[in-house]
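See structure below.
The values are calculated or read from the model by the stated rules, or taken from the named source; none is laboratory data. This is a predicted model, so every value here is computed, not measured. Here the Cβ positions follow ideal geometry from the backbone for every residue, glycine too, while neighbour counts run over all protein chains shown.
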């Protein structure tokens with residue numbers, strides 16, 4: 001099996017020497033898991049940061065093999081999959097924690113929520129998934145928290161005192177202030193998906209299922225933000241975001257003001273991350289101004 005050049009370059013860029021070793025052993029490792037779990041692994045899906053491919057078991061059951069190079073990310077995803085078992089999450093069938101490989105159910109027909117053109121219908125489907133996934137956070141966990149997100153923005157503010165790319169230092173400092181305020185106010189932290197957007201919700205028979213959890217511990221309002229930032233049209237973005245927020249607040253009993261402030265502060269952080277990665281996301285940057293305007297309309301103070 002030949003891995004795509006772009007995937008190889010991404011792994012080497014992120015994981016350096018460790019990626020070289022992992023790639024050298026990749027073929028043998030997959031052959032061992034074919035034997036261990038009685039599989040035939042097929043050509044992979046479109047790859048980004050992890051190897052994900054369809055496979056067929058000897059009993060003809062269709063499954064998905066996922067190999068994760070980052071041990072930390074693998075353990076976090078594994079914990080989320082186990083904690084959210086039996087809800088709207090894809091089923092974990094087998095795993096090898098030492099090798100960072102897991103076997104998941106294959107979702108059919110498998111198209112994403114992005115293909116649902118009706119905005120209201122899509123947001124209500126997403127709401128149903130979120131409601132089924134969220135569980136009270138465990139006191140003992142290595143999963144990233146919203147405090148880690150705050151510290152990430154704090155590091156960026158410290159390292160870039162005169163602004164970062166198109167983002168002014170004033171904007172970063174305001175977003176950091178909002179992060180601190182919201183994090184202090186959390187009374188009951190939840191285990192969240194951490195990256196729940198249209199492309200991580202797939203059709204499975206007559207229902208929908210979430211895939212690819214990153215894991216995040218924090219307030220429920222934070223977990224809707226990735227959905228708000230993604231799959232936006234070229235025009236009328238503010239109206240679409242407002243409509244989504246209205247549905248989430250109504251369906252999930254969220255605090256609208258917290259959603260708006262989380263949206264603003266995370267849009268700043270996400271844009272900073274894209275600048276750091278060398279892949280500046282202009283759409284994320286544009287949502288900062290949208291959330292600023294929505295905050296002002298609700299009487300919330302942001303620059």
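Considering only residues that are under 17 Å from residue 129 (Cβ atoms) and touching a residue at least 24 places away in the same chain (Cβ under 8 Å), which ones fall in the range 246-258?
Filtering the range 246-258 down to residues under 17 Å from residue 129 (Cβ atoms) leaves 247-254.
Within the range 246-258, 247, 248, 251, 252, 254 qualify.
Give the number of residues within the range 202-217 that are surrounded by fewer than 24 Cβ atoms within 10 Å (Cβ to Cβ) and under 23 Å from residue 287 (Cα atoms).
Looking only at that region, the number is 1.
Check residue 104 against each of (1) under 22 Å from residue 62 (Cβ atoms); (2) free of Cβ contacts under 8 Å to residues at least 40 places away in the same chain and name the one condition it does not meet.
Among (1) under 22 Å from residue 62 (Cβ atoms); (2) free of Cβ contacts under 8 Å to residues at least 40 places away in the same chain, the lone unmet condition for residue 104 is (2).
Return a yes/no flag: does the range 223-244 have any residue that is assigned by TED's automatic domain parsing to the domain that holds residue 155, touching a residue at least 40 places away in the same chain (Cβ under 8 Å) and in contact with a strand residue (DSSP E or B) (Cβ under 8 Å, 6 or more places away or on another chain).
Yes: the range 223-244 contains one or more residues that are assigned by TED's automatic domain parsing to the domain that holds residue 155, touching a residue at least 40 places away in the same chain (Cβ under 8 Å) and in contact with a strand residue (DSSP E or B) (Cβ under 8 Å, 6 or more places away or on another chain).
For residues that are surrounded by fewer than 18 Cβ atoms within 10 Å (Cβ to Cβ), farther than 24 Å from residue 15 by Cα and out of contact with any strand residue (DSSP E or B) (no Cβ under 6 Å at 6 or more places or on another chain), tally how many sit in the range 63-104.
Counting residues in the range 63-104 that are surrounded by fewer than 18 Cβ atoms within 10 Å (Cβ to Cβ), farther than 24 Å from residue 15 by Cα and out of contact with any strand residue (DSSP E or B) (no Cβ under 6 Å at 6 or more places or on another chain) gives 4.
Tell me, which helices (runs of 4 or more DSSP H) lie completely within the range 237-303 with 1 or more residues that are at pLDDT below 95 and within 24 Å of residue 170 (Cβ to Cβ)?
Numbers: elements: 237-252, 256-276, 282-297.
The qualifying helices (runs of 4 or more DSSP H) are 256-276, 282-297.
Every residue, every condition in (1) in the same structural domain as residue 231 (by TED's automatic domain parsing); (2) at pLDDT 95 or above; (3) farther than 15 Å from residue 269 by Cβ, yes or no:
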site: 146; (1), (2), (3): yes, yes, no
site: 153; (1), (2), (3): yes, yes, no
site: 157; (1), (2), (3): yes, yes, no
site: 183; (1), (2), (3): yes, yes, no
site: 188; (1), (2), (3): yes, no, yes
site: 199; (1), (2), (3): yes, yes, yes
site: 202; (1), (2), (3): yes, yes, yes
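Within the range 167-184, identify whether any single residue is within 30 Å of residue 208 (Cα to Cα) and touching a residue at least 40 places away in the same chain (Cβ under 8 Å), and answer yes or no.
Here is the first cut: in the range 167-184, the ones within 30 Å of residue 208 (Cα to Cα) are none.
Looking for residues that are within 30 Å of residue 208 (Cα to Cα) and touching a residue at least 40 places away in the same chain (Cβ under 8 Å), one finds none in the range 167-184, hence no.
Name every residue in the range 2-42 that is on the phi > 0 side of the Ramachandran plot and in contact (Cβ under 8 Å) with a residue 24 or more places away in the chain, in order of residue number.
So the first thing to find is which residues in the range 2-42 are on the phi > 0 side of the Ramachandran plot, and the list is 16, 38.
None; the set is empty.
Examine the range 279-298 for a residue that is under 16 Å from the mean Cα position of the chain (by Cα), surrounded by 19 or more Cβ atoms within 10 Å (Cβ to Cβ), within 22 Å of residue 49 (Cβ to Cβ) and without any contact (Cβ under 8 Å) to a residue 60 or more places away in the chain, and state whether such a residue exists.
yes
Outside any strand (DSSP E or B) and closer than 26 Å to residue 252 by Cα: is that true of residue 120 in this structure? Outline the logic, then answer.
Values: outside any strand (DSSP E or B): yes; closer than 26 Å to residue 252 by Cα: yes.
Against the criterion (outside any strand (DSSP E or B) and closer than 26 Å to residue 252 by Cα), residue 120 qualifies.
Report, ordered by the first and then the second residue, all pairs with beta carbons closer than 8 Å, sequence separation of six or more or different chains, a first member in the range 81-95 that is modelled with pLDDT under 95, and a second member that is buried (at least 18 other Cβ atoms within 10 Å of the Cβ) and part of a helix (DSSP H, G or I).
Within 8 Å, the pairs are 84/133; 87/133; 88/129; 88/133.
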